[in-house]
Amino acid sequence: MGISRFVLLVFTISMLASPALSDLVLSKVDRRIYLTSHIVRISSTLEVENAGPETVSKVLLAFPDLQAQNLAYLMASPHEAKAKFKVSVVSFPIDVVKPEDMPPGVTFYSVSLPQGLTVGASFTFDVLAVFTHALRPMPEQIGQADIQLVLYQDSAYYLSPYVVKVQSLSLKLPDSRIESYTTLESTKVQGSEIKYGPYENLPAFSSSPITVHFQNNLPFTIAQELVREIEISHWGNVLVTEHYKLIHGGAQSKGEFSRLEPQARENVQDPSAIRYLVAHLPPRAHSVYYRDAIGNISTSHLRGDSKKAELLIEPRYPMFGGWRTAFTIGYGLPLQDCLYESEGRRFLNITFSSPVIELVIDTLIVKVVLPEGSSDISVAAPFFMKQWQETKISHLDIVGRPVVVLEKTNLVPEHNQYFQVYYKFNRLSMLREPLMLISGIFLFFVACIVYMHADTSISKFSASYLAKQQWEEVRVAIQHVHNIICQCLATHDKLEASLRDLSRTGEVQACKAARKSTDGLLKELSKELKPLMTFLQSSPSAVQVLSKVEELVAKERELLEKLMAKHSTAVEAYDKKSGARDIESRIALQQQKITALRQEVDDLLEFIDEI
């Protein structure tokens, strides 16, 4: 379908061709079509002669509409005898024009010559036209081990609104295997090159369709979308991050993929598959990384010298026609290699497109992230592109960083030229982030100091706070009661010890002296206990435990009475010289009551101790 449309278009142009646009004549046209990759490059050398009565300063270039749709790059430059195709330092301005009385289906471009072409004078210049998606796979589907054949169509005659005296055409193919080609007068094949012409004295808009069907196993590497983010840091680094969405644009793969099949064929290894990509990075690129959606791509290599750094990336699997992948490349550049200053403004000078060689980019978005506080922003680029500005919020930013966004479609390696982003930036703004960081740390420690010294308790006038304070006072009072009772019990133990000494030695006076000292100590403890009991009886918070405390005090007093009675009975018996058996029988009943009371007191002390 594509072939018939192109042939029909060429035939229509020939039939509806108008007379020559002016008295300009193309004395000689030498066209060279390079089909050695999936990018078609047509390098033409035109010798223009002014055969008219007036000076001419513009020359028209014509392309069929179907071909112009795929035109990615067009450049006119002074003729260089030994040049193949490269981006010249000097190029002539080119504009799209629509001249009147021209045949339909043709797109015209006007080249402005460096100086007017006077009557009878001639001028030679080169035209480089780069086309994408101009090669059509034929067949459109192939197996894993099949070679890739493609179809290219053009005209053997140079399409021009001027008379052409002498012209020739050569097509350079990647391989000598040619399935078929259109044979015309003066057609020659030499290895991987097909030559047409020379043809002489052809009128304006002459054309003769040709078709070439040949082998091209080179991978059709196409980035459907590439997003480049270039972030400038005035602290010494420019960070470049590139996000690729890649597709193999060649013949579609049919059948199932097999890793065993290539191993069985030693001489043929998936001829048209993308096995690796090569990117030429700036020579001082550092911190290079590369990863896909899963993680790091391990089978990759980086080597470099003083002129360039070469990054070789092998995808996780060979990519066949129609297969897709996505990955990210990132690297850093020294600030002094990219950022310069002129007339009070700083400007970034960096390449626009991808460093991956022979890559076609359907859509390229370049985002240049400038430092926060940048102003008076402008862009200088060698070709037209869409542009707008955004804002990016990053760490330690207040209002965000200005982002210059550039977008262009249908790009080829020739677009990888330098462009500049100009802006103004106050040097004092560099201190903003360090001061914010220092202030943040300082305020953090100040807040910690304030927090440690601040009274974060509940208000002293609230009911809950007062209740808590009252209970704390009750708890302290109960603890004092507990301690006093324990001291009383220790005094009881001393009194019991004096009775044991009496039974062993019979010294009554020593026992009476122990009784006297015990009485004095117990009286002092009783005085200390009295205000505590008064406080507990008057405190509303002690209601729940007051009964147990009062019971403890009462049991201790009862225990003390029984112990004193036992002591008096024993001393009186020893004074009367009673026998030991008689003394034991008299105090046995008292001892039973003392033991029972002591157990009750211990239980109450344990309960209060838990409180």
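The values are calculated or read from the model by the stated rules, or taken from the named source; none is laboratory data. Keep in mind that this is a model prediction, so the values were computed, not measured. Reconstructed Cβ throughout: ideal geometry from the backbone, glycine too, with neighbour counts over all protein chains shown. All accessible areas refer to the heavy atoms of the entire protein, side chains included, with ligands and DNA or RNA removed. Shrake-Rupley method; radii C 1.70, N 1.55, O 1.52, S 1.80 Å.
Tabulated results
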{"item": "Number of positions in region 569-590 that are open to solvent by 30 Å² or more (accessible area, probe 1.4 Å) and over 14 Å from Glu496 (Cβ atoms)", "result": "15"}
{"item": "Checklist (1) free of Cβ contacts under 8 Å to residues at least 40 places away in the same chain; (2) open to solvent by less than 20 Å² (accessible area, probe 1.4 Å); (3) part of a loop (DSSP other than H, G, I, E, B) applied to Glu185, failing item", "result": "(2)"}
{"item": "Strands (runs of 3 or more DSSP E) fully within region 48-162 counting 3 or more residues that are within 29 Å of Met319 (Cα to Cα) and in contact (Cβ under 8 Å) with a residue 60 or more places away in the chain", "result": "71-78, 122-131, 149-155"}
{"item": "Residue in region 559-572 that is of a type in the set (Lys, Arg), assigned by the TED database to the domain that holds Lys468 and in contact with a Leu (Cβ under 9 Å, 6 or more places away or on another chain) present", "result": "yes"}
{"item": "Near pairs, Cβ below 9 angstrom, 6+ apart or cross-chain, from region 198-211 (farther than 18 Å from Ser170 by Cα) to any residue that is polar (S, T, N, Q) and not in a loop (DSSP other than H, G, I, E, B)", "result": "Phe205/Ser14"}
{"item": "From His480, His453, His492, residue being over 30 Å from Ser568 (Cβ atoms) and touching a Leu at 6+ places or on another chain (Cβ under 9 Å)", "result": "His480"}
{"item": "Number of positions in region 592-608 that are open to solvent by 60 Å² or more (accessible area, probe 1.4 Å) and touching a residue at least 12 places away in the same chain (Cβ under 8 Å)", "result": "4"}
{"item": "Complete set of residues in region 102-148 that are open to solvent by 30 Å² or more (accessible area, probe 1.4 Å), under 46 Å from the mean Cα position of the chain (by Cα) and farther than 30 Å from Gln252 by Cα", "result": "Thr107, Tyr109"}
{"item": "Enumeration of residues in region 501-513 that are in a helix (DSSP H, G or I) and surrounded by 11 or more Cβ atoms within 10 Å (Cβ to Cβ)", "result": "Asp501, Leu502, Ser503, Val508, Ala510, Cys511, Lys512, Ala513"}
{"item": "So Asn416, is it over 30 Å from Arg598 (Cβ atoms), under 54 Å from the mean Cα position of the chain (by Cα), touching a residue at least 24 places away in the same chain (Cβ under 8 Å) and loosely packed, with under 13 Cβ neighbours inside 10 Å", "result": "no"}
{"item": "Pair list, Cβ < 6 Å and 6+ apart or interchain, from region 511-531 residues that are closer than 18 Å to Glu496 by Cα to residues that are among the β-branched types (Val, Ile, Thr)", "result": "Cys511/Val571; Thr518/Thr491; Leu521/Thr491; Leu522/Thr491"}
{"item": "Matching residues in region 419-434 - criterion: being surrounded by 10 or more Cβ atoms within 10 Å (Cβ to Cβ) and either in a helix (DSSP H, G or I) or at pLDDT below 75 (or both)", "result": "Ser429, Met430, Leu431, Arg432, Glu433, Pro434"}
{"item": "Of residues in region 529-540 being under 18 Å from Thr491 (Cβ atoms) and touching a helix residue (DSSP H, G or I) at 6+ places or on another chain (Cβ under 6 Å), the one most open to solvent (accessible area, probe 1.4 Å)", "result": "Leu532"}
{"item": "Test for Val130: is it at pLDDT 95 or above and in contact with a Phe, Trp or Tyr (Cβ under 7 Å, 6 or more places away or on another chain)", "result": "yes"}
{"item": "Residue ID - nearest to the chain's Cα centre (by Cα), chosen from residues in region 163-178 that are within 24 Å of Leu66 (Cα to Cα) and not in a loop (DSSP other than H, G, I, E, B)", "result": "Lys172"}
{"item": "Qualifying residue in region 420-436 (condition: in contact (Cβ under 8 Å) with a residue 24 or more places away in the chain, in contact with a strand residue (DSSP E or B) (Cβ under 8 Å, 6 or more places away or on another chain) and of a type in the set (Ser, Thr, Tyr))", "result": "yes"}
{"item": "Search result, residues across region 462-489 that are touching a residue at least 24 places away in the same chain (Cβ under 8 Å) and among the charged types (D, E, K, R)", "result": "Glu473, Arg475"}
{"item": "Subset of region 200-245 [under 30 Å from Val25 (Cβ atoms), part of a strand (DSSP E or B) and among the hydrophobic types (A, V, I, L, M, F, W, C)]", "result": "Leu202, Ile210, Val212"}
{"item": "Meets criteria (open to solvent by less than 40 Å² (accessible area, probe 1.4 Å), under 30 Å from Ala467 (Cβ atoms), assigned by the TED database to the domain that holds Thr595 and more than 60 Å from the chain's Cα centre (by Cα)) for Val545", "result": "yes"}
